[in-house]
There are 6 protein chains.
Amino acid sequence: MKELTHFNHAGEAQMVDVGAKGESERVATAAGCIRMQPETLQLIQSGGHSKGDVLGIARVAAIMGAKRTAELVPLCHPLALTRVDCSFEIADAPPAVACQVTVATRGRTGVEMEALCAVQIALLTVYDMCKAVDRGMVIDAVRLLEKRGGRSGHWRAAPEADPGTEA
Amino acid sequence: MKELTHFNHAGEAQMVDVGAKGESERVATAAGCIRMQPETLQLIQSGGHSKGDVLGIARVAAIMGAKRTAELVPLCHPLALTRVDCSFEIADAPPAVACQVTVATRGRTGVEMEALCAVQIALLTVYDMCKAVDRGMVIDAVRLLEKRGGRSGHWRAAPEADPGTEA
Amino acid sequence: MKELTHFNHAGEAQMVDVGAKGESERVATAAGCIRMQPETLQLIQSGGHSKGDVLGIARVAAIMGAKRTAELVPLCHPLALTRVDCSFEIADAPPAVACQVTVATRGRTGVEMEALCAVQIALLTVYDMCKAVDRGMVIDAVRLLEKRGGRSGHWRAAPEADPGTEA
Amino acid sequence: MKELTHFNHAGEAQMVDVGAKGESERVATAAGCIRMQPETLQLIQSGGHSKGDVLGIARVAAIMGAKRTAELVPLCHPLALTRVDCSFEIADAPPAVACQVTVATRGRTGVEMEALCAVQIALLTVYDMCKAVDRGMVIDAVRLLEKRGGRSGHWRAAPEADPGTEA
Amino acid sequence: MKELTHFNHAGEAQMVDVGAKGESERVATAAGCIRMQPETLQLIQSGGHSKGDVLGIARVAAIMGAKRTAELVPLCHPLALTRVDCSFEIADAPPAVACQVTVATRGRTGVEMEALCAVQIALLTVYDMCKAVDRGMVIDAVRLLEKRGGRSGHWRAAPEADPGTEA
Amino acid sequence: MKELTHFNHAGEAQMVDVGAKGESERVATAAGCIRMQPETLQLIQSGGHSKGDVLGIARVAAIMGAKRTAELVPLCHPLALTRVDCSFEIADAPPAVACQVTVATRGRTGVEMEALCAVQIALLTVYDMCKAVDRGMVIDAVRLLEKRGGRSGHWRAAPEADPGTEA
């Protein structure tokens, strides 16, 4: 039977030993979305020009958040990231902002957690900046889309977990 | 028409001035869940005894994450929290772990962001500890359930945003 | 003769006791600039639309940096800021970006350090984003412009310390 | 025409991909100064013995600040520094403290930002410790003096940017 | 029978609710020591002049560490400290450096943890700076000496827990 | 005569240059204990089931604290840890909880400081969670037990520094 690797035989939490793993290129892509009222989405879309660039600020928060993942997730290994990319897409029906983040490093463990953490911080920042007009926004479908590198190799989310069908 | 309060008239981001607001008791409750394979849920449930307490660790991460919200969300005001409560519930169909966090402070702004951030870090920690056996887990329905205190008073999420119907 | 207040009689550093001071509204404004090649300034000015919003990102960095001042400056008191405002101005001769930050709190010590720290982080971020095209940029004239509140009351920089004459 | 590398073709900020760069020895030296009243400089000079070691504390702040650069500058890559050196010099006419910091690492990106950040935190700390006697101090001429390593190789600031002529 | 207050009735960790407590002046003093070879102690004592000020740097680390206690201790409430004082004493037989820290705030919870954390970081810093010459140093007798303020009032350590008898 | 390596010839603190050292596997084990009333120890022992898992939370704090050592200890090099292990043992006479932490990395400097820091944060967390019932607890015998790797090779604490004799 499978075991949770973050615990030793006595069930005690540990930061798993990755010292014996070789360094390799690691890439992970995660995604998620935040659903909102149509009027809220309009406010976001009309920004970026004169009214305030919600997504530009959320992107900065995502990149900075990726760098701090190991401070937030207790058993996560610290890693020197070599790349963080964050993009947004507007969906109209239902009204939502979708976020996708790709993180890369050259190291002994993967960067799935960094990609997921960045997506969450991005969507949290969108919530913060729009909450005065729409407290009922919902963050949904935060998940790993793909990872490459390391012993477990290439992994892709099953198609049913794709953003289009999640929303 | 409504405006996004985190921008001035030139569309420039700012940390909104809350100096004129009085201090009052603020409470917020947020929730969310992480969906997974039934076998993954079983591993989590069998823990807490000898195999490792996933939810106990996620709870610590949630509480510590709540305290760091203002470092992660760019325009969020720093606040001295007076209470953080985090609880989990197991759902079988579909298999998921639901998380609920209540945060309180006595201050000039609300603690909605702290409650949402804590929920996200809790679910992210569950993902981290189980990802070796289930990379396809999805974090869903992260949202504010209720807030009290401050000028905007009491707010509750509409019933359709309740966890039962989100899953 | 005047004494440095951050040391006791033995010359040992201390975080000065401000517990006996009353809470009052504190505001501070600081400024500074970064001088650069005319071509670099043009790249910054042409951004904000399609080419990348250097100043928007520097503004976010300034606001987030203000919140972390007490972690960086050893003897600085931690404070719950109630407002951070950051604005930029373009100067053509000599080519430079000027930055001004206003910070406020209601507390027992002033926010001069937070305003200065935010200006520095903003200008450092401009440097970072433009350094691939112009390594010779110089950060200049970082100083306090004005402070209000607290026992020492209102203070304004002498006119000769104004940005116009510094550049 | 030159482009700002921290943005993609759509003008969106990104942490630039450095994964393909080889690791090499990187060194950067930055400098800056803080101008002050002659009496303030005297207080600093008379310290280090019995009255309090302003520059010793500023040096510690500089070293610790260098380590946190990637948390403060949004698009900066995290790096494991292998060396941080910070020295001060007293200038009498005009009265000022000059600071110089050298940082080194073995990595895929340079350490210019770490050296500049350390200089800024050092001077900010001097301001903090002397502000009770001199609020009008001005931080000036913060700039890169030299860098080595990496694809762009060796770079030195032009002589006119030297401290002597800046003050 | 007494209960541990950091857990609810289900045994789940929580940040205890202190919102109903009034704000009052809180002071705590903690102490501890680090025992070492006589030659190591001599190196520390000969510093402060030309050879390097170990205790001056440990003092800065203590003050900065006090400010970060709530980030390190999971269920500790964040507090805006109003005072941190750190002093050292040299003991010859057995050779040791003793450290004492007093912390104060005006708030809803005490500052015992901040005082203890500061002592630990101070002694850890002494270890770091001397470890190249003496790896066998031992940190001992870290404890609370006294606290004032709050519902539980004044508390003093029993005499047998005094440093003199611990060593 | 031996010299403290964290200072240059002028006695100025520096982060020592380790750039010329090769990367090697580094392991360090540290230990320490916290002495308490027998009733307090009983409360801790009865937890882990329904009353709250003090040691489980302290273990998480230890692991997270190890990752932040370089932020707390001024001249400590930042390192990407590859493993952190934390275990506790109950001692009855005198009543105490002993903690042992092993940290590993592949890098240019050792991880002694990370292991010691983790032990201290673990014991500090035990204090925090039990202080409402026992303020007189004392943290003792925090020391390095063993280190491997690096130029100085293998080192073990002398037997008289073993936990059994320290308590």
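Here are the numbers for this structure:
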| quantity | calculated |
| --- | --- |
| Residue of chain F nearest the F-to-D rotation axis [by Cβ], rounded angstrom distance | F:Ala80, 4 |
| Cα-Cα over 20 Å, subset of F:Lys67/F:Lys131; A:Lys67/F:Lys147; C:Lys67/E:Lys67 | F:Lys67/F:Lys131; A:Lys67/F:Lys147 |
| Cα-based Rg of region F:1-160 normalised by 2.2 N^0.38 Å, two decimals | 1.16 |
| Region E:34-167 - charge dipole about Cα centre, Lys and Arg +1 at Cβ, Asp and Glu -1, debye rounded to 20 | 640 |
| Hull shadow area, averaged, region A:41-81 [alpha-carbon convex hull, nm²] | 3.8 |
| Dipole in debye (nearest 20) - the protein assembly as shown, about Cα centre, beta carbon charges: Lys, Arg +1; Asp, Glu -1 | 0 |
| Cβ-based charge dipole, region D:79-159, positive-most Cα from D:Val103, D:Gly150, D:Thr82 | D:Gly150 |
| Nearest-first distances (nm) between copies at A:Ser46, label 7 Å from Cα via Cβ | 3.1, 5.6, 6.2, 6.2, 7.4 |
| Where GluC sites (Glu not before Pro) in DSSP loops with at most 14 other Cβ within 10 Å are excluded, longest remaining stretch of chain E | E:24-167 |
| Kyte-Doolittle mean at least -0.5, axial Cα span of 18 Å or more - DSSP H helices of chain E | E:54-67, E:112-130 |
| Shortest-first nm distances, C:Pro94 label point to equivalent points in other copies (7 Å, Cα→Cβ) | 1.5, 5.7, 6.1, 6.1, 6.6 |
| Inter-copy separations for E:His9, label at 7 Å along Cα-Cβ, nm, ascending | 4.0, 5.7, 5.7, 6.3, 7.2 |
| The protein assembly as shown - share of DSSP beta bridges that are antiparallel (%, nearest 5) | 100 |
| Solvent-accessible area per residue, Å², over region F:79-138 with all protein chains present [probe radius 1.4 Å] | 24 |
| Heavy-atom accessible surface of region D:54-167: percent carbon and sulfur, 1.4 Å | 47 |
| For C:Ala157, distant residues with modelled amide H under 5 Å away | C:Glu146 |
| The protein assembly as shown - Debye-derived log10 I(q)/I(0), Cα point model, q = 0.05, 0.08 Å⁻¹ | -0.26, -0.72 |
| Hydrodynamic radius by Kirkwood, which averages 1/r over all alpha carbon pairs of region E:74-153, in angstrom | 14.2 |
| Accessible surface buried once D binds C (1.4 Å probe; total of both sides; Å²) | 5100 |
| Residue (of A:Val126, A:Val54, A:Thr29) at the positive-pole extreme of chain A, dipole from beta-carbon charges | A:Thr29 |
| Centroid-to-centroid separation of region A:1-37 and region E:97-135 [C-alpha atoms, Å] | 34 |
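The values are calculated or read from the model by the stated rules, or taken from the named source; none is laboratory data. Just so it is clear, the model here is predicted, and its values are computed rather than measured. Here the Cβ is made from the backbone with ideal geometry for all residues, glycine too, and neighbour counts use every protein chain on show. What goes into the accessible areas is simple: the full protein's heavy atoms, side chains included, and nothing from ligands, DNA or RNA. Shrake-Rupley method; radii C 1.70, N 1.55, O 1.52, S 1.80 Å.
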